Amino acid sequence: MGVKQNLKLWENNVTHIDENGDMVTERVPRVLPPNPWKVMRMLSAENYMFFLMGLAAWTADGYDFNAVNLVTTQLSAEYDKPLTSITLSITLTLLFRSVGAAIIGISSDMYGRKWPMIIDLWILAALQIGTAYAPTYAAFIGVRALFGIAMGGIWGLAAAMALENMPVEARGLFSGILQQGYSIGYLIAAVINIVAVPRTSAGYKTIFYVGAGFTGLVAAVEMFIPESRLFRAPENPEERPQQGTRVKSFVKDLKLAARQYWKMFLYCILLSAVFNWMSHGAQDMYSTYMKVQKGFSNSSPPTGASRATIIGQCGAVVGGAVCGYYSQFIGRRLTVVLAVCFGLCMIPLWTLPTAWGPLAAGNFFVQFAVNGAWGVMPVLLNEYAPPQFRGVFPGTVYQIGNMLSAPAAQIQTVSASGWIVDGKPNYSQVMTIVLCIVFAAVGVVTACGQERLGSHFELVKRAGAEENIQKEMKELGLGKDEEAASYEYFEKVAAQGKPATEI
């Protein structure tokens, strides 16, 4: 369908993989979703196990990233650098995440979800310790750049592992809950910043010690769970493809998917970029804004900024679950559009008051809107992706979008520092302008995309599945040697315009 047809959000025209594994376009009536408790009961114990491991990994990732955001002022004093130099580490982390997403994502689509994620989590734990012990500013920046590579691999794997192992009807609700792992990680980090950092001799380093322990614990637990169902080896050893054959089939499958999905890839990068500008514009400098401009670092109690952050992240968790649940009813895109419209209405409450209570309430509602829209993203990008490449595609477009939003914190800091009001950087006006622009951009870009509600991507076998290739070669009457036949097969499929989802 074209963009004009996509913009008719009220019609709910859906292009998706149906229950027979075929890509179809149809008008899907909007029906009331079942009671949330019924949705939650749809999942088996194994479904919950995979979901909780994906959620735990993304929560640890969210904690580790936001640890720096919460102690920027302490790091500034430690290295005797201005805040703009410390926020450079946030920018570098975002810039390098796409590298990790591509490397770890391809590994997960090739070898499975389990071990690439475990290795990545152990690396993250080690780099958290490295952040705490970085002796110089240059070392700190270097560690955070490496951290960005490792961090980039988690989101795509967490979403793929969680969503491919659960009923289609439950994916909206659990997508919303899954995405809030980031907010839960932020919430845990904020609590540690309030409770532990002021009371320990290690000071701000405590937040990194806890993060390393938490991430290592998730990695250790995941070592004892089975591989995702899609990647379990056949019981009959004769059915297992040889390594060389599997790699060749995988590469050919990847090339075919690239030819068919490159436009969707570019669209999803744009979509992820505006989404990431929205979240980083609303979150990265919020603690600094509350401390520096609103004066809550010197208030009584002195934890006002952190407490407001905690309240905001509570709103984020609620928003993600609510919007994810209703996206199964009204559609993914319309849910996002409604969420950002609500967020636009809440911006004045977020920045204009001077009292802590109204500001905290404003943060609750803005984060409800931001993360309500974000709650749809895990399932939306998995539905947009080539179904056999849901490790690398969603994670890579998400992290490239992150890379394009990397200057958000730096731009807001520099702009506010150059716009002095009453002797203080004017964060409130800068953040208001940024959020107004990105809320509108998110709504427009999302509305232009396709609706793929209810896609049965779990029916498509792993990338380069040899049994699928052999079956299709037989149906096409190809009798050449395996290498030539496989090549001819892919060329014929591409020429016929068959979807890569059948590979």
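The values are calculated or read from the model by the stated rules, or taken from the named source; none is laboratory data. For clarity, every value in this text was computed on a predicted model and none was experimentally measured. Note that we place each Cβ from the backbone using ideal geometry, even for glycine, and neighbour counts take in every protein chain shown. Accessible surface areas use protein heavy atoms only, side chains included; no ligands, DNA or RNA. Shrake-Rupley method; radii C 1.70, N 1.55, O 1.52, S 1.80 Å.
Among (1) open to solvent by less than 10 Å² (accessible area, probe 1.4 Å); (2) among the small types (Gly, Ala, Ser); (3) under 25 Å from Ala441 (Cα atoms), there is one condition Ala321 misses while meeting the rest; what is its number?
Of everything listed in (1) open to solvent by less than 10 Å² (accessible area, probe 1.4 Å); (2) among the small types (Gly, Ala, Ser); (3) under 25 Å from Ala441 (Cα atoms), Ala321 misses just condition (1).
With the condition kept exactly as written, say whether any residue in region 291-298 is closer than 30 Å to Arg97 by Cβ, modelled with pLDDT under 75, open to solvent by 40 Å² or more (accessible area, probe 1.4 Å) and not in a helix (DSSP H, G or I).
yes
Looking at the structure I just gave you, is Phe174 closer than 20 Å to Gly153 by Cβ, out of contact with any strand residue (DSSP E or B) (no Cβ under 9 Å at 6 or more places or on another chain) and not β-branched (Val, Ile, Thr)?
Here the answer is no, as Phe174 does not meet what is asked.
Starting from residues that are at pLDDT 85 or above and assigned to a helix (DSSP H, G or I), keep the ones in region 74-84 and report whichever is least open to solvent (accessible area, probe 1.4 Å).
Top of the filtered list is Leu75.
For (1) farther than 27 Å from Tyr267 by Cβ; (2) aliphatic (A, V, I, L, M); (3) within 25 Å of the chain's Cα centre (by Cα), each residue gets a yes or a no:
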{"site": "Thr351", "(1), (2), (3)": "yes, no, no"}
{"site": "Glu383", "(1), (2), (3)": "no, no, yes"}
{"site": "Ala409", "(1), (2), (3)": "no, yes, yes"}
{"site": "Gln412", "(1), (2), (3)": "no, no, yes"}
{"site": "Asp422", "(1), (2), (3)": "yes, no, no"}
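Scanning for something at pLDDT 90 or above, open to solvent by less than 30 Å² (accessible area, probe 1.4 Å) and of a type outside the set (Gly, Ala, Ser), does region 224-242 turn up at least one residue?
Yes, region 224-242 contains a residue that is at pLDDT 90 or above, open to solvent by less than 30 Å² (accessible area, probe 1.4 Å) and of a type outside the set (Gly, Ala, Ser).
Which one of Ala150, Ala125, Ala77, Ala134 is out of contact with any helix residue (DSSP H, G or I) (no Cβ under 8 Å at 6 or more places or on another chain) and either closer than 29 Å to Ala202 by Cα or among the aromatic types (Phe, Trp, Tyr) (or both)?
That would be Ala77, the only listed residue that is out of contact with any helix residue (DSSP H, G or I) (no Cβ under 8 Å at 6 or more places or on another chain) and either closer than 29 Å to Ala202 by Cα or among the aromatic types (Phe, Trp, Tyr) (or both).
For Ala101, indicate whether it is open to solvent by 10 Å² or more (accessible area, probe 1.4 Å) and not basic (Lys, Arg).
Taking the combined requirement at face value, the residue does not satisfy it.
Among the residues of region 345-360, is there at least one that is touching a residue at least 12 places away in the same chain (Cβ under 8 Å) and within 30 Å of Ala102 (Cβ to Cβ)?
no
Please state which of the following conditions Tyr325 fails to meet, knowing it meets all the rest: (1) within 21 Å of Ser405 (Cα to Cα); (2) in contact with a Gly (Cβ under 9 Å, 6 or more places away or on another chain).
(1)
Looking only at region 261-272, which residues are of a type in the set (A, V, I, L, M, F, W, C) and either surrounded by 22 or more Cβ atoms within 10 Å (Cβ to Cβ) or in contact with a Cys (Cβ under 7 Å, 6 or more places away or on another chain) (or both)?
Cys268, Leu271
Within region 89-109, is even one residue free of Cβ contacts under 8 Å to residues at least 12 places away in the same chain and of a type in the set (A, V, I, L, M)?
Scanning region 89-109 turns up no residue that is free of Cβ contacts under 8 Å to residues at least 12 places away in the same chain and of a type in the set (A, V, I, L, M).
Identify, from the list Val247, Val218, the residue that is surrounded by fewer than 17 Cβ atoms within 10 Å (Cβ to Cβ) and modelled with pLDDT of 80 or more.
Val247
Name the residues in region 420-437 that are among the aliphatic types (A, V, I, L, M) and modelled with pLDDT under 85, would you?
Ile420, Val421
Among Phe342, Phe265, which is the only one that is assigned to a helix (DSSP H, G or I), closer than 22 Å to Leu9 by Cβ and at pLDDT 85 or above?
Selected residue: Phe342, the only one of Phe342, Phe265 that is assigned to a helix (DSSP H, G or I), closer than 22 Å to Leu9 by Cβ and at pLDDT 85 or above.
With the condition kept exactly as written, say whether any residue in region 432-449 is surrounded by fewer than 23 Cβ atoms within 10 Å (Cβ to Cβ), in contact (Cβ under 8 Å) with a residue 60 or more places away in the chain and not in a helix (DSSP H, G or I).
yes
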